[in-house]
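Enquirer: Got a structure for you, questions after.
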Amino acid sequence: MIGIRRFRRTRDGKFRIRLQAPERELLRSLPDQARGLLDTRDSSTFRLFPVAYAGDPEADADYRSLVGNELLRHHASALETLATTSDAVELSEEELQQWLAALEVLRLVLGTQLDVGEEPEHVARDDPRAPRLAVYRYLSWLQGEIVDTLAAALPSGGSPEGP
């Protein structure tokens, strides 16, 4: 099923989803795990709340007090949408955008836990990290599929200023 596109835009502007049952189960279960980490502000979630003012702890604390809860709500909402629509056969564009955001949350948390770097890492099948790295790569691939699908749905021709 690797060669089959998982997402396709329909004539009515929605997005048809073609996922296998194990894929759907994974996408239904991962958000709960991530929400638990978000609720406790586990160290693996630090990349979800980036430092805005690295050289100024006071300014960074002010920034976090202003936007921290909003970021948390945004991440939680995206994860909830992914979990509750993982069995859907069709999504609106807004829901698909939420999937994209949720996949980014999941990838950042998992990538932090696995200490994923820029270069792809090859691990042996018996490496205890192998299953989680496979999930990370799957989520990355799925995210790319969504980006490609959304990009293909953009109007073509002309520049942003007009024809």
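Enquirer: Given the structure, is Glu104 farther than 17 Å from Arg28 by Cβ and of a type in the set (Asp, Glu)? Step through it out loud before you land on a result.
Expert: Numbers: farther than 17 Å from Arg28 by Cβ: yes; of a type in the set (Asp, Glu): yes.
Here the answer is yes, as Glu104 does meet what is asked.
Enquirer: Just need a number here: residues in the range 1-53 that are farther than 24 Å from Asn69 by Cα, assigned to a loop (DSSP other than H, G, I, E, B) and β-branched (Val, Ile, Thr).
Expert: 3
Enquirer: Could you please give the count of residues in the range 1-11 that are within 15 Å of Thr149 (Cβ to Cβ) and either of a type in the set (S, T, N, Q) or surrounded by fewer than 17 Cβ atoms within 10 Å (Cβ to Cβ) (or both)?
Expert: So the answer is 6.
Enquirer: Output the number of the condition that Val147 fails; it satisfies all remaining conditions of (1) at pLDDT 95 or above; (2) surrounded by 15 or more Cβ atoms within 10 Å (Cβ to Cβ); (3) of a type in the set (A, V, I, L, M); (4) in a helix (DSSP H, G or I).
Expert: Unmet condition: (2).
Enquirer: Which of the residues spanning the range 61-91 are in contact with a strand residue (DSSP E or B) (Cβ under 8 Å, 6 or more places away or on another chain), surrounded by 12 or more Cβ atoms within 10 Å (Cβ to Cβ) and touching a residue at least 24 places away in the same chain (Cβ under 8 Å)?
Expert: Within the range 61-91, Ala88, Glu90, Leu91 qualify.
Enquirer: If you don't mind, there's one more thing I want to ask. For the range 55-90, name all the residues that are over 16 Å from Gly36 (Cα atoms), of a type in the set (D, E, K, R) and either touching a Pro at 6+ places or on another chain (Cβ under 9 Å) or modelled with pLDDT under 95 (or both).
Expert: Answer for the range 55-90, where residues must be over 16 Å from Gly36 (Cα atoms), of a type in the set (D, E, K, R) and either touching a Pro at 6+ places or on another chain (Cβ under 9 Å) or modelled with pLDDT under 95 (or both): Asp56, Glu58, Asp60, Asp62, Arg64, Glu70.
Enquirer: Oh, and also: Of all residues in the range 20-60 being touching a residue at least 24 places away in the same chain (Cβ under 8 Å), of a type in the set (A, V, I, L, M, F, W, C) and closer than 29 Å to Glu90 by Cβ, which is surrounded by the fewest Cβ atoms within 10 Å (Cβ to Cβ)?
Expert: Among residues in the range 20-60 that are touching a residue at least 24 places away in the same chain (Cβ under 8 Å), of a type in the set (A, V, I, L, M, F, W, C) and closer than 29 Å to Glu90 by Cβ, the one surrounded by the fewest Cβ atoms within 10 Å (Cβ to Cβ) is Leu26.
Enquirer: Return the residue satisfying two criteria in turn: it lies in the range 92-128 and is exposed (fewer than 12 other Cβ atoms within 10 Å of the Cβ) and among the charged types (D, E, K, R), and of such residues it is nearest to the chain's Cα centre (by Cα).
Expert: Per the stated criteria, the residue is Glu94.
Enquirer: Could you grab the pairs with beta carbons closer than 8 Å, sequence gap of 6+ or different chains, first residue in the range 119-144 and more than 21 Å from Leu96 (Cβ to Cβ), second one among the polar types (S, T, N, Q) and surrounded by 14 or more Cβ atoms within 10 Å (Cβ to Cβ)?
Expert: What qualifies is Arg132/Gln113.
Enquirer: OK, next. Which members of the range 1-42 meet the condition of being under 18 Å from the mean Cα position of the chain (by Cα), of a type in the set (Gly, Ala, Ser) and over 19 Å from Gln97 (Cβ atoms)?
Expert: Residues satisfying the conditions are Ser29, Gly36.
Enquirer: Got a number for residues in the range 86-106 being farther than 22 Å from Phe49 by Cα and touching a Leu at 6+ places or on another chain (Cβ under 6 Å)?
Expert: Of the residues in the range 86-106, 1 are farther than 22 Å from Phe49 by Cα and touching a Leu at 6+ places or on another chain (Cβ under 6 Å).
The values are calculated or read from the model by the stated rules, or taken from the named source; none is laboratory data. Note that the structure is predicted; figures quoted are calculated from it, not measured. Here the Cβ is made from the backbone with ideal geometry for all residues, glycine too, and neighbour counts use every protein chain on show.
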